[in-house]
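Worksheet: the structure to be examined is printed underneath.
The values are calculated or read from the model by the stated rules, or taken from the named source; none is laboratory data. What you see is a predicted model, and the numbers here were worked out from it, not measured in a lab. With ideal geometry, Cβ positions are generated from the backbone for all residues, glycine too; neighbour counts draw on all protein chains shown.
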Amino acid sequence: MRIEGSSALVVGGASGLGAATVNELHARGAIVTIADVNAERGNELASELGVEFVACDVREEAQVQEAVACAAAVTGGLRIAVCCAGTGWAQKLAGSKGPHPLLPFETILQINLIGTFNVLRFAASAMLANEPFDGADGERGVCVNTASIAAYDGQIGQLAYSASKGGVVGMTLPAARDLAQHAIRVCTIAPGLFDTPLLAALPEEARLKLGAGVPYPPRLGDPSEYAQLACHIVENRMLNGEVIRLDGALRMPPR
């Protein structure tokens with residue numbers, strides 16, 4: 001898929017991995033729409049780059065539809081959709097306080113898994129209306145989701161988060177197969193430890209220690225490295241139905 005001149009929607013694009021992807025796509029000439037639940041940060045970045053911002057809670061169908069419609073209104077239609085929206089929760093399955101409460105488990109799945117599904121289904125539906133790009137493959141669009149290595153190596157206390165990201169991994173291949181006849185690709189990136197707002201609250205010493213545990217390079221990932229991979233997925237038409245670990249060979253220990 002050609003990035004320059006294509007309409008791109010980045011959900012969760014106000015900060016972290018999403019903001020880096022917004023910046024990379026914009027630098028490569030895409031017409032970017034930012035969607036995020038954080039309107040203050042989203043509007044600030046949109047104003048800085050001169051792009052559109054749409055307030056969007058991925059759990060709300062109407063808000064996701066509005067964000068997709070905004071990006072699809074660009075000439076040529078929505079071509080690139082990247083979903084980085086997500087959050088975390090840490091709690092053991094059972095302990096001195098009793099069983100893991102249901103509400104936070106449901107909330108994490110609603111945001112990370114169902115939210116990703118909402119973005120994927122509405123973005124793909126919009127892409128169906130696109131005219132195929134010129135060329136032998138006649139591509140209509142690309143969807144990039146965000147999972148986590150916790151889908152494979154969930155640590156103690158990561159039950160809800162791991163389940164939600166495992167669901168994103170599990171959706172990838174069936175979604176790619178569903179959309180193959182329409183020349184729409186679907187891939188997922190599973191990041192390891194990245195320097196994002198999820199880790200920003202930790203003391204610097206703890207952040208350095210986490211990064212040092214990565215085999216190589218022995219540091220936290222930079223969001224720009226996620227953005228580079230997202231753009232490569234968009235441009236490489238043979239990448240489809242794949243979940244790509246981006247983790248410096250890290251395999252998470254139990255704790």
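So the values come out like this:
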| quantity | calculated |
| --- | --- |
| Answer residue from segment 10-48, given it is polar (S, T, N, Q), assigned to a helix (DSSP H, G or I) and in contact (Cβ under 8 Å) with a residue 40 or more places away in the chain and is nearest to G141 (Cα to Cα) among those | T21 |
| Test: residue in segment 187-197 that is farther than 30 Å from G77 by Cβ and in a helix (DSSP H, G or I) | yes |
| Considering residues of segment 145-175 that are touching a Lys or Arg at 6+ places or on another chain (Cβ under 9 Å) and among the β-branched types (V, I, T) only, the residue farthest from L210 (Cα to Cα) | T146 |
| Matching residues, segment 180-201, being small (G, A, S) and in contact with a helix residue (DSSP H, G or I) (Cβ under 8 Å, 6 or more places away or on another chain) | A190 |
| Cβ pairs under 7 Å, 6+ apart, first in segment 242-255 and surrounded by 11 or more Cβ atoms within 10 Å (Cβ to Cβ), second aromatic (F, W, Y) | L246/Y226; G248/Y216 |
| Residues of segment 157-182 that turn out to be over 16 Å from the mean Cα position of the chain (by Cα), crowded, with 20+ Cβ neighbours inside 10 Å and without any contact (Cβ under 8 Å) to a residue 60 or more places away in the chain, as a count | 1 |
| Criterion (exposed (fewer than 12 other Cβ atoms within 10 Å of the Cβ) and not in a strand (DSSP E or B)) met by exactly one of E225, E205 | E205 |
| Number of the exception - M1 against (1) surrounded by fewer than 24 Cβ atoms within 10 Å (Cβ to Cβ); (2) of a type outside the set (G, A, S); (3) more than 22 Å from L128 (Cβ to Cβ) | (3) |
| Test: residue in segment 84-105 that is at pLDDT 95 or above and in contact with a Gly (Cβ under 6 Å, 6 or more places away or on another chain) | yes |
| Filter result (part of a helix (DSSP H, G or I) and either touching an Asp or Glu at 6+ places or on another chain (Cβ under 9 Å) or among the charged types (D, E, K, R) (or both)) within segment 143-186 | D153, A160, S162, K165, T172, L173, A176, R177, D178 |
| Total residues in segment 4-44, condition of a type in the set (A, V, I, L, M), closer than 20 Å to P191 by Cβ and touching a strand residue (DSSP E or B) at 6+ places or on another chain (Cβ under 6 Å) | 9 |
| Subset of segment 12-53 [more than 21 Å from L199 (Cβ to Cβ), crowded, with 24+ Cβ neighbours inside 10 Å and touching a Cys at 6+ places or on another chain (Cβ under 8 Å)] | L25, T33, A35 |
